[in-house]
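Peer 1: Supplied in structure tokens, the structure appears directly below.
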Amino acid sequence: MLRRWFTALALASLSLACTSRAPQELAAPPPGSPAPSGYYQGGSTEAGKSAAPSGSRYEHPQAESADTASPYRPTRPGLATTFGESRTSHVTEVPFERDSSEPAAWARVQYDDRAGVGAATGYTSGMRPHELPLLGGALAVRVVDGDEDPLPGVFAGGTSYVVGERGERYQIQIENRTASRFEIVASVDGLDVLDGQPGSVEKRGYLVAPYATLLIEGFRTSNSDVAVFRFGGVGESYAAWKGATRNVGVIGVAAFAERRYDIRPGRPYAEPPIPYYPYGYDYEEQRRRQDAQPFPSR
């Protein structure tokens, strides 16, 4: 199986992985937004007081695609994600190699206002703080508010849904309950959270350390800043500004396990990934038991 090398950037308990190719452009804010704090100049930048430098990557580009959904139509209902205010978020590089070109697991979380989630699921009440387990509970994915409290949600029809409110800040939280590192590639409204371009699992991602929690606060604009995620209307969303609203209302998370090596002489081949035993429980044994047949001779 094809194996690729990656490097990574870290923010305290966060880590950011990147491919060996040249770095891609970081996310660009909508026109009129201030330059990110500390990216072109030192100190903080107050909203509306400093325009992006002429000729910078922050100028308004042409729409990337002609979307049949009419991306700028203000009457389209439901929530999308806006390019929020700048927030400091430093990253540094650390080494990481994926054990496979395919994710070990991935999650899809849909979000909308209460009316939209109710229409999609039939649930209008009784929603609770929502968590989506991956790899048998080795990882837990949550969409949380600005205070890191999980948003209410429901699992229906094989899909996770969470409820947001217009203007509310939210974050993507991934808890690692294992002794292994994982690379996390995330997208919002179909856009990669690191470069603002169409999401792909082949792109670089954040790293989450063993027994740590990764908090993705917004679209990254530099190695020291992000533009926070805020719920807003479809017409005012970052995806609408990019001309690609077809995938609004969905958050994607792909998790890659780390490749490991047997360093003994004469054994250059990679070892299998460490089993995922959150809290010491063998989930492979759980899967075997679930597959056990009561009448094997039938």
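The values are calculated or read from the model by the stated rules, or taken from the named source; none is laboratory data. Owing to the predicted nature of the structure, the values given are computational and were not obtained by experimental measurement. A quick note on method: Cβ atoms are made from the backbone with ideal geometry, for glycine too, and the neighbour counts reach across all protein chains shown. Each accessible area value is taken on the protein alone, full model and side chains, heavy atoms only, with ligands, DNA and RNA left out. Shrake-Rupley method; radii C 1.70, N 1.55, O 1.52, S 1.80 Å.
Peer 1: For residue 183, are the conditions met, namely being open to solvent by 30 Å² or more (accessible area, probe 1.4 Å) and modelled with pLDDT of 95 or more?
Peer 2: Spelling it out, it is not the case that residue 183 is open to solvent by 30 Å² or more (accessible area, probe 1.4 Å) and modelled with pLDDT of 95 or more.
Peer 1: Does residue 77 qualify as being surrounded by fewer than 18 Cβ atoms within 10 Å (Cβ to Cβ), of a type outside the set (S, T, N, Q) and over 18 Å from the mean Cα position of the chain (by Cα)?
Peer 2: On the way: surrounded by fewer than 18 Cβ atoms within 10 Å (Cβ to Cβ): yes; of a type outside the set (S, T, N, Q): yes; over 18 Å from the mean Cα position of the chain (by Cα): yes.
Yes; evaluated as a whole, the condition is true for this residue.
Peer 1: Shifting gears a bit: Just to be sure, is residue 244 assigned to a loop (DSSP other than H, G, I, E, B), of a type in the set (A, V, I, L, M) and either farther than 22 Å from residue 86 by Cβ or at pLDDT below 90 (or both)?
Peer 2: Yes: the conditions hold for residue 244.
Peer 1: Same structure, new question: Listed residues 207, 191, 214; which is in contact with an Asp or Glu (Cβ under 6 Å, 6 or more places away or on another chain) and either closer than 24 Å to residue 127 by Cβ or crowded, with 16+ Cβ neighbours inside 10 Å (or both)?
Peer 2: None of the others qualify; the one that does is 207.
Peer 1: Every residue in region 102-144 that is open to solvent by 40 Å² or more (accessible area, probe 1.4 Å), closer than 22 Å to residue 189 by Cβ and among the aliphatic types (A, V, I, L, M), please.
Peer 2: Scanning region 102-144 gives 115, 119, 120.
Peer 1: Ok, one more. State which residue pairs qualify: first residue within 16 Å of residue 105 (Cα to Cα) and in a strand (DSSP E or B) and inside region 163-183, second residue polar (S, T, N, Q) and open to solvent by less than 20 Å² (accessible area, probe 1.4 Å) in any location, beta carbons under 7 Å apart, and separation of 6 or more residues or different chains.
Peer 2: 182/176
Peer 1: In addition: Is it the case that residue 148 is at pLDDT 95 or above, assigned to a loop (DSSP other than H, G, I, E, B) and open to solvent by 20 Å² or more (accessible area, probe 1.4 Å)?
Peer 2: yes
Peer 1: Output the qualifying pairs, or none if there are none: Cβ atoms under 6 angstrom, residues six or more apart or on different chains, first residue in region 207-231 and closer than 20 Å to residue 249 by Cα and touching a residue at least 40 places away in the same chain (Cβ under 8 Å), second residue assigned to a loop (DSSP other than H, G, I, E, B) and β-branched (Val, Ile, Thr).
Peer 2: The qualifying pairs are 216/193; 219/193; 227/221.
Peer 1: Examine region 185-202 for a residue that is within 24 Å of residue 149 (Cβ to Cβ) and in contact with a Leu (Cβ under 6 Å, 6 or more places away or on another chain), and state whether such a residue exists.
Peer 2: No, the conditions are met nowhere in region 185-202.
Peer 1: Look through 228, 253 and report the one residue that is modelled with pLDDT of 95 or more, farther than 19 Å from residue 92 by Cβ, open to solvent by less than 10 Å² (accessible area, probe 1.4 Å) and over 12 Å from the mean Cα position of the chain (by Cα).
Peer 2: The unique qualifying residue is 228.
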